[in-house]
Amino acid sequence: MSTTVAGSHDFEGAHAHGHGHAAGFLRTYVFSLDHKVIGIQFLFSTLLWFVVGGLLALAVRWQLAWPWSDMPVVGRMLFAHEGGQIAPEFYTMLFTMHATVMIFFVIIPVLAGAFGNFLIPLMIGADDMAFPTLNMLSYWFMWPAFICMTASFFVTGGAAAAGWTSYPPLSSVPAAAPGSEAGQTLWLLGLTFVGVSSMMGSVNYMTTIIQMRAPGMTMFRLPMTIWGMFITALLQAFALPVLTAVGFMQLMDRTLGTGFFIPEFLIVNNTPAGAGGGQPLLWQHLFWFYSHPAVYIMILPAMGMVSDIMTTFARKPLFGYKPMIYSIAGIAGLGFIVWGHHMFMSGMNPALGMTFMVSTMMIALPSAIKVFNWLGTIWGGKIEYTTSMLFALSFVAMFIIGGLSGIFMAATPVDIFIHDTYFIVAHIHYVLFGGTAFGVFGGIYYWFPKMFGRTMNEFWGKVHFFLSFIFFNGTFFPMHILGAGGFPRRLADPYHYEAFAHLQPMNQFITICALGMGAAQLIFAANFIYSLFFGPKCGRNPWHANSLEWIAPSPPGHGNFDAQPIVYRGPYEYNSPESDEDYYPQNVPPKPGAPKQKPAH
Ligand code: HEM
Ligand SMILES: [Cu+2]
């Protein structure tokens, strides 16, 4: 274990490197180099896209509950030519763009971009990121992506419609589908920008965490949030170049006449498909080589955040700090060798199925270690049920359900039956919505005071939590049943097949719950915006937590801390006998003459 001293940014010099307070409006709020402003820019952008993604989802749900009926309010406006109905090709755009927006514009950037940026320097005791300019660019590279995706709805043929996984030849051959025209090209361009943005972020996070830690902040004194961010940055660094490269190859297939993913002699809609000689399966391999690790990019930081929230509100040290770190690392490592579990049904060599099945199931091990450690953390704790604690607890519960359905799908024979049914949709949403998104909500309620100097309303927070929790389960749990009944995903009208007609009432129930869940988010939005301006002001450490961000002013100024913090212990010393209080901040020196502290882990 080595003690690394903060890097090149000395604190006296904090005001000297460009983001001084004398800077104009543009430098302070728009093209800011300050990691906190960039984090908040990411937060606002992702929350806005969350609204867009949510509305797209409700449109999908509308069709499944009341197919071929006029959409209320917007139907006549948007699809006048269809008499207010959702046309099948528009339905495919809806679910494609819903998933794209939620994954690439909401979940990934909210974790790494918003929380990563805001928290990393603060929690390690640094004054900013290692490369502030690169950091600013990583935010601004999201904008071409935002613009491409928004524009795609308005071009001929409409937005991308090949699913968020963009499988060729549907995606590579413009004649393949109505939506496979300019919208698909814009989709690929947009994705390239997202990839470049994330890569810039990941380099910055890794360097910052390795180089800029405050004196005494050893790697094994880092809060779990930072460990989650660190391992995620590693995942991004290794997986993203693959996605960005294949995205570019698909772009070339579409625009320059190459044939990486187009097979020989392919005929679509009575037209020969172009170059040929390529391999559609190659896309699936390379796409999932990124996208399986990416599902962990979408959850590891949230796991870290939830660990920090749970220790704070259980007033107990994190149970098994080091096993928690090793299990994150284990999940990340295994995440790279299991991508084929998305391809059991693709025609991939069946001999590979067994390897992918066994390796996928092994992920349940580190996942279970984490779950048991979270339970150990709250066991016997003095639990305070704040809104963020409620969200953190439900994160764990929902992640368990999502992990369990994952094991079903990992078993090849079972997956053959449930692949491409609503069971998959249930799984995705338990891990990504009940998991990550709930973790993010917990994080917002928890760090809002640090970000804006005010607290959010707890009463309305709890209303938001309970409504979200109930409607979430009402929406996504029945999807397991639908899926087990064979109900297909990504089909505009499954009732076309008589076998599924009896499932329509269940779909109506799901849609009503989904509308309820959407409505519950309005409470959150109102609470968020109101608290931003009128919430009660709070001090530096409203939750009496230990990690370094809480010793900085709320909100922290330029350079973050009043003076360089020095770290004496890990972040989870709650109810330590050596401290008079029930918490023991990382920067408080041990009392003179106190027995030398034994390591807590
Ligand atoms: C014990 C842990 C997990 C296991 C064993 C597991 C297993 C699987 C399997 C086998 C599939 C493919 C099913 C199919 O397409 O037929 C799948 C799909 C998926 N998983 Fe997981 N999973 C786990 C955890 C997670 C986590 C933590 C996330 C995200 C945070 C996640 C997100 C997804 C997504 C987004 C898909 C669907 C992709 C698509 O086809 O659109 N999974 N999972
Ligand atoms: Cu996977």
From the residues in region 306-338 that are assigned to a loop (DSSP other than H, G, I, E, B) and more than 21 Å from Ile108 (Cβ to Cβ), which one is most open to solvent (accessible area, probe 1.4 Å)? Phe319
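Let's see how each residue does on (1) of a type in the set (A, V, I, L, M, F, W, C); (2) under 16 Å from Asp34 (Cα atoms):
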position: Thr96; (1), (2): no, no
position: Ile103; (1), (2): yes, no
position: Val110; (1), (2): yes, no
position: Phe115; (1), (2): yes, yes
position: Met123; (1), (2): yes, yes
position: Asp127; (1), (2): no, yes
position: Phe141; (1), (2): yes, no
Checking Glu264 against (1) surrounded by 18 or more Cβ atoms within 10 Å (Cβ to Cβ); (2) part of a loop (DSSP other than H, G, I, E, B), which single condition isn't satisfied? (1)
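Could you list, in sequence order, the residues of region 39-51 that are crowded, with 18+ Cβ neighbours inside 10 Å and among the aliphatic types (A, V, I, L, M)? First the steps, then the outcome.
Restricting attention to region 39-51, the residues satisfying the condition of being crowded, with 18+ Cβ neighbours inside 10 Å are 39-43, 45-47, 49-50.
Within region 39-51, Ile40, Leu43, Leu47 meet the criteria.
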Kindly indicate whether any position in region 289-305 is more than 26 Å from Phe441 (Cα to Cα), open to solvent by 20 Å² or more (accessible area, probe 1.4 Å) and within 15 Å of ligand 1 (Cβ to nearest atom). yes
Determine whether region 256-265 contains at least one residue that is away from ligand 2 (no atom under 16 Å from the Cβ), of a type in the set (Gly, Ala, Ser) and within 24 Å of Ala364 (Cα to Cα). no
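Would you be able to tell me the number of residues in region 284-325 that are more than 16 Å from ligand 2 (Cβ to nearest atom) and touching a helix residue (DSSP H, G or I) at 6+ places or on another chain (Cβ under 8 Å)?
Taking region 284-325 first, the residues more than 16 Å from ligand 2 (Cβ to nearest atom) are 301-325.
Okay, now just the ones that are also touching a helix residue (DSSP H, G or I) at 6+ places or on another chain (Cβ under 8 Å), so 301-314, 316-325.
Going through region 284-325 one residue at a time, the tally reaches 24.
Mind checking which residues of region 149-191 are among the hydroxyl-bearing types (Ser, Thr, Tyr) and more than 15 Å from Trp283 (Cα to Cα)? Walk me through how you get there before you give the answer.
Kept after step one, since they are among the hydroxyl-bearing types (Ser, Thr, Tyr), are these residues of region 149-191: 150, 152, 156, 165-167, 171-172, 180, 185.
Across region 149-191, the qualifying residues are Thr150, Ser152, Thr156, Ser180, Thr185.
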Residue pairs within 7 Å by beta carbon, gap of at least six or interchain, first lying in region 406-417 and under 11 Å from His342 (Cα atoms), second among the hydroxyl-bearing types (Ser, Thr, Tyr) and within 8 Å of ligand 1 (Cβ to nearest atom), listed first then second, are Ala410/Thr360
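From the list Thr150, Thr156, exactly one residue is open to solvent by 10 Å² or more (accessible area, probe 1.4 Å) and assigned to a loop (DSSP other than H, G, I, E, B). Which is it? Break it down into steps so the answer makes sense when it comes.
Details: Thr150 fails: assigned to a loop (DSSP other than H, G, I, E, B).
None of the others qualify; the one that does is Thr156.
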When residues of region 377-405 are limited to those that are open to solvent by less than 20 Å² (accessible area, probe 1.4 Å) and of a type outside the set (A, V, I, L, M, F, W, C), the one farthest from ligand 2 (Cβ to nearest atom): Thr386
I'd like to verify a number: residues in region 120-141 that are open to solvent by 10 Å² or more (accessible area, probe 1.4 Å) and either farther than 20 Å from Val30 by Cα or of a type in the set (Gly, Ala, Ser) (or both), how many? 1
For region 223-235, indicate whether the set of residues that are within 30 Å of Pro169 (Cα to Cα) and either under 24 Å from the mean Cα position of the chain (by Cα) or of a type outside the set (S, T, N, Q) (or both) is non-empty. yes
Could you figure out which of (1) under 30 Å from His342 (Cβ atoms); (2) crowded, with 24+ Cβ neighbours inside 10 Å; (3) not charged (D, E, K, R) isn't true of Pro223? (1)
Only residues that are away from ligand 2 (no atom under 11 Å from the Cβ), part of a helix (DSSP H, G or I) and either β-branched (Val, Ile, Thr) or modelled with pLDDT under 95 (or both): list them for region 339-363, please. Ala351, Leu352, Gly353, Met354, Thr355, Val358
Within region 406-415, tally of residues that are open to solvent by 40 Å² or more (accessible area, probe 1.4 Å) and either basic (Lys, Arg) or within 16 Å of ligand 2 (Cβ to nearest atom) (or both): 3
Pairs please, first residue from region 273-290 and under 13 Å from His342 (Cα atoms) and of a type in the set (Phe, Trp, Tyr), second anywhere and open to solvent by 20 Å² or more (accessible area, probe 1.4 Å) and more than 16 Å from ligand 2 (Cβ to nearest atom), Cβ atoms under 9 Å, 6+ apart in sequence or on different chains. Trp283/Met249; Trp283/Phe260; Tyr290/Pro241; Tyr290/Thr244
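Within region 426-463, which residues are open to solvent by less than 20 Å² (accessible area, probe 1.4 Å) and within 16 Å of ligand 1 (Cβ to nearest atom)? So that I can check it myself, show each step before the final result.
Narrowing region 426-463 to residues open to solvent by less than 20 Å² (accessible area, probe 1.4 Å): 426, 430, 434-451, 453, 456, 461.
Residues satisfying the conditions are Ala426, Tyr430, Gly434, Gly435, Thr436, Ala437, Phe438, Gly439, Val440, Phe441, Gly442, Gly443.
When you scan region 414-421, do you find a residue that is over 22 Å from the mean Cα position of the chain (by Cα) and closer than 17 Å to Ser388 by Cβ, even just one? Let's see the steps before the verdict.
So the first thing to find is which residues in region 414-421 are over 22 Å from the mean Cα position of the chain (by Cα), and the list is 414-421.
Going one step further and asking which of them are closer than 17 Å to Ser388 by Cβ, we end up with none.
Within region 414-421, not a single residue is over 22 Å from the mean Cα position of the chain (by Cα) and closer than 17 Å to Ser388 by Cβ.
The values are calculated or read from the model by the stated rules, or taken from the named source; none is laboratory data. All of these numbers come straight from a predicted model, not from anything done at the bench. Cβ: placed from backbone, ideal geometry, glycine included. Neighbour counts: every protein chain shown. Quick note on the areas: whole protein, heavy atoms, side chains included, nothing else; ligands and nucleic acids left out. Shrake-Rupley method; radii C 1.70, N 1.55, O 1.52, S 1.80 Å.
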